[in-house]
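Novice: Below is a structure I'd like to ask you about.
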Amino acid sequence: MAKRIVKELTDCTQAPPTGMKIHLLDEQDIHQWEVVMDGPDGSAYAGGHFKLRVTLPEDYPFKPPVLNFTTKIYHPNVSNDGKGSMCLGMLRSDEWKPPNKIAAVLAMARNLLLEPNTEDAIETTIADQYKSDRKAFEATAKEWTKKYASGK
Amino acid sequence: MSDSIGITAALGLTVLTLSFPDPGYFGILQENFKPVDTSLSFSLQENSKIRTLSTTASSPGEDLDGLLYVPTLHRGQCPEAAGLIPVNATRRVNLPDTNSINLIALAPWINPSCTLAYMAAAQMDPVKTFIFYLPDNSTAIPPLANNARWSIGDGGRWKTTYRYPVFAISGSTGGLIMQNLAYYSDNVTNMPNGEILSQHIDPRSYIRLAAEVEVSGHNSLPSLWVFLLIVLGILIMIIAVTSFFLQWLQRKRREALRRRVISGEVDIEALGIRRVTVPASVLQQMPLYTFVSDNAVPKSSSDTSTQSSPPTSSPAPLEPPSSKPEAPSSNPNNPNSPTNPIASQPSPLPPADPPLSEPSKELPPHPAPFSQPTCAICLDDFTPYETRIRELPCHHIFHPECIDPFLRQNSSLCPMCKLSVLPADYSPPITNAMVRRERLLRRMRRNLHPHDPPSIREVLRFPRSVVRSSSGAGTGAVAPVLPTTEVPAPVRVRPPSSGGTSLAPPDSAAALRAQGAEIRERMLEAEAARAPVWRKVVGKMWPRLG
Ligand SMILES: [Zn+2]
Ligand SMILES: [Zn+2]
């Protein structure tokens with residue numbers, strides 16, 4: 001299904017989803033994408049540029065892609081373990097549908113920056129803080145954004 | 001290679017003189033056999049100078065006793081014995097004519113043919129054992145059992161031919177007993193001290209020599225082995241019975257689940273019990289035809305119009321759409337396919353057994369039921385009058401080269417709408433693991449809301465994707481971005497038997513879905529908690545239990 005990947009890549013590079021720049025990590029390997037995502041305005045991540053790795057499995061689109069933040073980010077749905085894995089309902093293998101496109105996945109990921117999903121959190125302490133003390137959460141998120149995601 | 005002690009070894013030999021009334025008149029009673037005063041009769045005790053030559057048919061610890069005698073050979077056999085056995089030595093005819101009294105045979109070991117003749121003769125009598133001696137008058141213990149002196153030249157086969165143990169005593173002892181067998185073979189009056197004896201003993205009584213070979217019995221090892229073997233045997237039997245029972249039970253459960261799958265009560269894949277793939281025979285039943293322009297259906301309104309009224313209502317210039325029409329006789333496009341018209345009905349048919357020939361049903365070109373310009377798997381547009389497409393029972397269309405591998409290897413659910421493409425009465429091979437998961441699921445379902453089973457069941461039969469998406473409430477907010485490639489899903493068309501599965505009303509559905517997700521989560525947890533080590537071990541013993 002390399003054809004589909006190429007097609008999606010072409011679409012994404014020609015008309016990138018809002019707030020994103022997309023390119024291959026290695027020109028030889030269409031299964032590894034690198035995305036630079038701008039923190040959405042109005043969120044604690046505004047002004048930050050977050051790097052993500054999109055890994056497409058061999059049998060994509062039958063198996064879901066894998067998303068990892070390579071830039072450190074303070075977010076309930078991104079694992080704070082150096083891997084930066086993002087858990088997204090639609091990316092679970094039992095829920096993944098081949099018609100979903102990477103652009104849609106990325107758009108959803110960006111939306112998650114705007115509105116974290118505390119029900120499905122991977123970092124439960126951050127999720128709790130988000131629910132109970134929004135101010136403190138935003139302060140830390142902004143601080144991290146400044147510290148790790150402000151560079152180019 | 002020591003003494004051939006085998007299991008049993010003789011520890012000692014006792015010879016006594018016994019008196020007993022004629023069993024012909026008095027019967028064989030233990031108390032009738034009385035030892036004769038040893039000061040007046042022959043007796044002998046040999047402790048140690050005994051070799052065990054054969055342990056056949058002996059049991060450890062069980063002493064061997066009986067009246068001593070010399071087996072009678074056929075005329076002409078073993079002439080060498082003539083000088084070694086007194087003429088009037090006790091023979092069978094000198095003993096009561098009954099097979100109910102144990103005997104012990106005695107004979108000199110002269111040469112292999114004599115020995116064989118004696119052992120064959122003793123085989124005819126109720127002998128408990130045979131005692132040989134080398135006629136060399138030696139007082140020394142006889143040679144070891146493996147000594148060439150005892151060789152018969154048949155490789156030891158005689159030990160299994162003759163069903164009694166065989167011992168050897170020294171030449172002098174043997175000769176002495178043999179001599180006394182001559183004294184005590186006839187009337188009391190002719191015996192040593194006959195006069196005195198006849199005063200105490202009824203002259204009609206027998207007075208004969210009897211012997212007892214004491215056999216080692218302290219060796220508890222053999223019986224321990226027997227005991228262990230019995231225990232082992234019982235264990236194996238228990239295991240076999242249990243295993244048989246379990247397998248029977250599992251087969252019952254598999255059959256039950258299979259019936260429920262076929263009846264539409266359980267959807268294996270939608271429940272997340274197990275991924276199911278589509279067999280080639282079912283796949284070939286799905287229509288294959290050439291895509292026709294999407295313009296046949298007005299694009300804008302197509303959503304509502306097609307949704308409300310199933311495929312038939314989207315008329316097309318060329319040919320009525322897929323569902324029923326079965327172009328009666330011929331499929332002009334496809335001369336090489338042996339199409340049977342019945343098979344061209346969509347899904348609800350049972351997987352008619354594989355007609356082998358490759359793509360089975362090629363329908364004439366016609367528009368697909370909805371506006372579906374693009375293959376959702378490869379994202380390529382279909383070219384009218386050119387692209388061959390496969391239509392699933394839910395009426396979603398794809399390139400066969402895209403959808404076929406997916407259905408064969410990944411899932412039995414439509415990638416677009418997650419409805420099962422399998423015929424209603426199709427059941428995938430049911431495994432024990434599936435049975436377990438389904439049972440667990442059912443148990444949890446019961447525990448969760450015992451008072452409200454029907455609606456819960458509704459939820460659980462709900463296609464998986466729908467149920468799951470509720471697990472993250474946040475997704476709601478994101479949803480609008482998603483359905484970029486989505487095409488309107490048709491009204492649920494899964495065939496009749498799955499009847500009850502109409503969509504739940506939207507508001508209660510949300511709650512129910514949440515429950516469904518909860519159940520599934522719990523199920524996974526519970527399953528992780530189960531499957532302990534013992535199950536793996538047991539699984540190895542009974543492969544199918546795994
Ligand atoms: Zn395709
Ligand atoms: Zn479908």
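The values are calculated or read from the model by the stated rules, or taken from the named source; none is laboratory data. Predicted model only: the values in this text are computed from it and were never measured. Ideal geometry is used to build each Cβ from the backbone, glycine not excepted, and the neighbour counts take in all protein chains shown.
Novice: Please name all residue pairs, on different chains or six or more residues apart, with Cβ atoms under 6 Å, provided the first residue is in the range B:396-421 and is more than 8 Å from chain A (Cβ to nearest Cβ) and over 18 Å from B:A280 (Cβ atoms) and the second residue is within 16 Å of ligand 1 (Cβ to nearest atom) and among the polar types (S, T, N, Q).
Specialist: B:I397/B:Q372
Novice: Tell me, yes or no, whether the range B:423-433 has at least one residue that is within 16 Å of ligand 2 (Cβ to nearest atom) and not acidic (D, E).
Specialist: For the range B:423-433, residues within 16 Å of ligand 2 (Cβ to nearest atom) and not acidic (D, E): present.
Novice: Go through (1) touching a residue at least 40 places away in the same chain (Cβ under 8 Å); (2) in contact with a His (Cβ under 7 Å, 6 or more places away or on another chain) one by one and return the number of the condition A:T55 breaks.
Specialist: Failed condition: (1).
Novice: Is it the case that the range A:56-71 has a residue that's under 22 Å from A:T125 (Cβ atoms), part of a loop (DSSP other than H, G, I, E, B) and either within 14 Å of chain B (Cβ to nearest Cβ) or of a type in the set (K, R) (or both)?
Specialist: no
Novice: Shifting gears a bit: Those residues that are within 13 Å of the chain's Cα centre (by Cα) and among the aromatic types (F, W, Y), I need them from the range A:8-63; list them, please.
Specialist: A:W33, A:Y45, A:F50
Novice: Follow-up. Do the conditions hold for B:V215, that is, is it modelled with pLDDT under 85 and either farther than 30 Å from B:P429 by Cβ or within 16 Å of the chain's Cα centre (by Cα) (or both)?
Specialist: Yes.
Novice: OK, next. Go over the candidates B:L73, B:L53, B:L68, B:L11 one by one and state the one that is modelled with pLDDT of 90 or more and either outside any loop (DSSP other than H, G, I, E, B) or aromatic (F, W, Y) (or both).
Specialist: Just a single option satisfies the conditions, and that option is B:L68.
Novice: Still on this structure, please answer the following. In the range B:376-399, which residues are under 14 Å from B:L288 (Cα atoms) and near ligand 1 (Cβ under 10 Å from one of its atoms)?
Specialist: Of everything in the range B:376-399, those that are under 14 Å from B:L288 (Cα atoms) and near ligand 1 (Cβ under 10 Å from one of its atoms) turn out to be B:F382, B:T387, B:I389, B:R390, B:I397, B:F398, B:H399.
Novice: Kindly indicate whether B:C375 is in contact with a Phe, Trp or Tyr (Cβ under 6 Å, 6 or more places away or on another chain) and either in contact (Cβ under 8 Å) with a residue 40 or more places away in the chain or within 16 Å of ligand 2 (Cβ to nearest atom) (or both).
Specialist: Against the criterion (in contact with a Phe, Trp or Tyr (Cβ under 6 Å, 6 or more places away or on another chain) and either in contact (Cβ under 8 Å) with a residue 40 or more places away in the chain or within 16 Å of ligand 2 (Cβ to nearest atom) (or both)), B:C375 qualifies.
Novice: Right, A:Y148: surrounded by fewer than 19 Cβ atoms within 10 Å (Cβ to Cβ), aromatic (F, W, Y) and part of a helix (DSSP H, G or I) or not?
Specialist: Yes: the conditions hold for A:Y148.
Novice: Let me ask something additional. Of the numbered conditions (1) without any contact (Cβ under 8 Å) to a residue 40 or more places away in the chain; (2) within 12 Å of chain B (Cβ to nearest Cβ); (3) surrounded by fewer than 17 Cβ atoms within 10 Å (Cβ to Cβ), A:L88 satisfies every one except a single condition; which is it?
Specialist: The single condition A:L88 does not satisfy is (3).
Novice: A follow-up question, please. Go through (1) within 30 Å of B:C378 (Cα to Cα); (2) in contact (Cβ under 8 Å) with a residue 12 or more places away in the chain; (3) surrounded by fewer than 21 Cβ atoms within 10 Å (Cβ to Cβ) for A:N80 and report which single condition fails.
Specialist: Every condition holds for A:N80 apart from (1).
Novice: Right, here's the next one. Within the range A:37-49, how many residues are surrounded by 14 or more Cβ atoms within 10 Å (Cβ to Cβ) and either within 21 Å of A:R92 (Cα to Cα) or out of contact with any Leu (no Cβ under 8 Å at 6 or more places or on another chain) (or both)? Please lay out each step first, then the result.
Specialist: Filtering the range A:37-49 for residues surrounded by 14 or more Cβ atoms within 10 Å (Cβ to Cβ) gives A:37-40, A:43-49.
Still in the running and either within 21 Å of A:R92 (Cα to Cα) or out of contact with any Leu (no Cβ under 8 Å at 6 or more places or on another chain) (or both): A:38, A:44, A:46-49.
Of the residues in that region, 6 qualify.
Novice: Just one of B:A89, B:A140 is hydrophobic (A, V, I, L, M, F, W, C) and within 20 Å of B:L209 (Cβ to Cβ); which is it?
Specialist: Among B:A89, B:A140, only B:A89 is hydrophobic (A, V, I, L, M, F, W, C) and within 20 Å of B:L209 (Cβ to Cβ).
Novice: When you scan the range A:97-127, how many residues do you find that are part of a loop (DSSP other than H, G, I, E, B), surrounded by 18 or more Cβ atoms within 10 Å (Cβ to Cβ) and within 9 Å of chain B (Cβ to nearest Cβ)?
Specialist: Selection size over the range A:97-127: 7.
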